[in-house]
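The values are calculated or read from the model by the stated rules, or taken from the named source; none is laboratory data. Quantities reported herein were computed from a predicted structural model and do not represent experimental measurements. Note: ideal-geometry Cβ built from the backbone for every residue, glycine included; neighbour counts use all protein chains shown. Quick note on the areas: whole protein, heavy atoms, side chains included, nothing else; ligands and nucleic acids left out. Shrake-Rupley method; radii C 1.70, N 1.55, O 1.52, S 1.80 Å.
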Amino acid sequence: MSKLFERDDDIVALATPFLSSALCVIRSSGASSISKFSKIFSNHSALNSASGNTIHYGYILDNENNCKVDEVVVCLYRAPKSFTGQDAIEVMAHGSVVGIKKIIDLFLKSGFRMAEPGEFTLRAFLAKKIDLTKAEAINEIVFAKTNKTYSLAVNKLSGALFVKIDTIKKSILNFLSAVSVYLDYEVDDHEISIPFDLILNSKAELKKLINSYKIYEKIDHGVTLVLAGSVNAGKSSLFNLFLKKDRSIVSSYPGTTRDYIEASFELDGILFNLFDTAGLRDADNFVERLGIEKSNSLIKEASLVIYVIDVNSNLTRDDILFIDKNKSNSKILFVLNKIDLKINKSTEEFVRSSVLNSSNLIMISTKNLEGIDILYDKIKALISYERVEVGLDDIIISSRRQMQLLEKAYALIVDLLGKIDRQVSYDMLAFDAYEIINCLGEITGEVSSEDVLNNMFKNFCLGK
Ligand SMILES: Nc1nc2c(ncn2[C@@H]2O[C@H](COP(=O)(O)OP(=O)(O)OP(=O)(O)O)[C@@H](O)[C@H]2O)c(=O)[nH]1
Ligand SMILES: [Mg+2]
């Protein structure tokens, strides 16, 4: 058997970020993990005789230097009742970066080795604790960017995708069984009914799953929203308002923002990639000119642009050029800002008379928040095409690997249906059905090669 499938040596990794925090979790697993760890734990005799699923209080000890390193709580698991199916120890220590390094060093000195990314989940898979769809769901939960992608991943963790794939697989298996009976006993095909409809239904189910990947891409990639406008119009003030924090510098000095700043926020379940840009003007400063060039290219690529205008001042030459060029562009929202101040009538009139769709013009004040709700509603309306109604029970494919296998299975089913139409021999149909079952088995991990597993788990983070 290959090395990958016989892993029971003792591994350790930090499962929480390597940052100062109240607490951290250091995770370990392996056949002799408990006895090795007990050497650096104050309460070692209790630990060695402890039963699984127990919690122990004590100190991590540096025996070489004869000192205590940290006061900790330890969770002890015994095989097979643990995430990895092996004996395992989880240490909850104080989240000090110095302390974490010391504790991990002591683990290594006691005979553990650092785990590879995803190795705990790989062991859980190899111990048949989880299938591949659940393993991937764990990674998706960790990296989810929005509430929606998070909830969809949790749904998969509960096994929904596995059940779905398994149901399709069973349909194909029923078809294969009927064909095999026909082949084995050479019965007359009038005497046995071959369930061709199962293949048609499976094709439809696979199509639904394949389409769901496009939905996922929409939810995951988000909408690019760019704030543009002349210097001092209030772009950074609006940027901070969207993010609900003072991220971008706001000042009355024209040309404060020189380079673009990117951040994300969520509105109505949709992820927005928000850009604050350098104010447009004929700048003499080289750095500022580069920033303005970047602003222009971001505007071109954006799904939606909010062009901010200071309604208290005269329009700039750049404002007039931009309005003229984009007055009928439905992806540009013109926002007249600073309505808490005296409104410059000629500025307001010019914008009103130029912008073709009056609902694309909104008056706001980032100072007293007038008009902000209207702006939010307008943004939601404009990107409604991005909104996909996904129930939390829906199964959405979010892994490229799964998607490629689903496409392969779909192509095989289309091919099989063609052969059924052409009435090719039943042994060829059986061969194709068998291939489809294998392909679906690769999604759940029932059929998997070492290369596939190595490739998949290396994308996990350390400690997972
Ligand atoms: N009265 C009032 N002042 C505002 C409003 N919005 C922004 N300001 C002020 O206008 C000035 C410029 O605001 P910023 O948000 O820095 O403008 P900007 O468009 O990012 O400017 P640059 O980065 O220089 O291009 C600051 O002094 C803000 O406090 C508003 O709605 N009302
Ligand atoms: Mg700015």
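Rounded to the nearest 10 degrees, the inclination of helix 286-301 to the longest alpha-carbon principal axis of the chain is 60 degrees. Between 0 and 90 degrees, the angle of helix 97-109 with respect to the longest Cα principal axis of the chain falls at about 20 degrees. Rolling a 1.4 Å probe over the protein heavy atoms gives region 32-156 an accessible area of 45 Å² per residue. In region 223-342, what percent of the accessible surface is made up of carbon and sulfur (1.4 Å probe, ligands and nucleic acids excluded)? On region 223-342, the fraction of accessible area on carbon and sulfur atoms equals 49 percent.
Projecting the Cα atoms of ALA381, SER358, GLN404 onto the charge dipole of region 348-448, computed from C-beta unit charges around the Cα centre, puts SER358 farthest toward the positive end. Any lysines with Cα under 18 Å of the LYS39 Cα? List them, leaving off those in the same chain fewer than 8 positions away. Qualifying lysines at Cα under 18 Å: LYS68, LYS101, LYS102, LYS109. As a length-normalised measure over Cα pairs under 8 Å and 6 or more apart, the relative contact order of the chain settles at 16 percent.
Note on region 296-343: Cα convex hull, mean projected area over all directions, 3.6 nm². On a per residue basis, region 354-464 carries 51 Å² of accessible surface, using protein heavy atoms and a 1.4 Å probe.
Could you work out what % of the accessible surface of region 3-117 is carbon and sulfur, using a 1.4 angstrom probe and leaving DNA, RNA and ligands out of the count? Show your work: numbers first, answer last.
Details: 3220 of 5690 Å².
C and S atoms contribute 57 percent here.
When DSSP beta bridges are restricted to pairs lying wholly in region 191-299, around 55% turn out antiparallel. Ligands, DNA and RNA left out, the accessible area of region 348-464 computed with a 1.4 Å probe is 51% carbon and sulfur.
Whole number please: convex hull volume per residue, Cα atoms of region 80-176, in Å³. Display every interim value, and only then the final one.
Working: hull volume 14.0 nm³, N = 97.
Spelled out: Cα convex hull of region 80-176, divided by residues, is 145 Å³.
Against the main long axis of the alpha-carbon atoms of the chain, helix 426-444 sits at an angle near 70°.
Per residue, how much accessible surface does region 177-267 expose to a 1.4 Å probe? Answer in Å², no decimals. List each step's numbers first, then the result.
On the way: 4840 Å² over 91 residues.
For region 177-267, the solvent-accessible area averages 53 Å² per residue.
Is the shape of region 1-130 rounded, prolate or oblate, going by the alpha carbon gyration tensor and its root eigenvalues a ≥ b ≥ c, with a/c under 1.5 for rounded and a/b larger than b/c for prolate? In terms of gyration-tensor shape, prolate.
As a test, work out the antiparallel percent of DSSP beta bridges whose residues both lie in the chain, rounded to the nearest 5.
Percentage antiparallel, nearest 5: 60.
Pairs of Cα atoms nearer than 8 Å and 6+ residues apart set the relative contact order; for region 116-267 it is 14 percent. Largest first, the residues HIS56, HIS221 sort by 1.4 Å accessible area into HIS221, HIS56. Apply the Kirkwood formula to region 53-106: the hydrodynamic radius equals the inverse of the mean of 1/r over all pairs of different alpha-carbon atoms; give it in Å with one decimal. 12.1 Å is the Kirkwood radius here. Specify whether the C-alpha gyration tensor of region 157-305 places it in the rounded, prolate or oblate class, a ≥ b ≥ c being the square roots of the eigenvalues: rounded for a/c under 1.5, otherwise prolate if a/b is larger than b/c and oblate if not. Cα axes put region 157-305 in the prolate bin. From the largest down, the chain spans 87, 82, 36 angstrom on the principal axes of its Cα atoms. Of the residues ILE194, LEU241, TYR213, the one whose Cα sits farthest toward the positive end of the charge dipole of region 185-259, with +1 on the Cβ of Lys and Arg and -1 on the Cβ of Asp and Glu, is LEU241.
Is the C-alpha gyration tensor of region 239-307 telling us rounded, prolate or oblate? Criteria: a/c under 1.5 is rounded; beyond that, a/b larger than b/c is prolate, otherwise oblate. Here region 239-307 falls in the oblate category. Ranking ILE11, VAL335, GLY463 by how far each Cα lies toward the positive end of the dipole of the chain (charges on Cβ) leaves VAL335 at the top.
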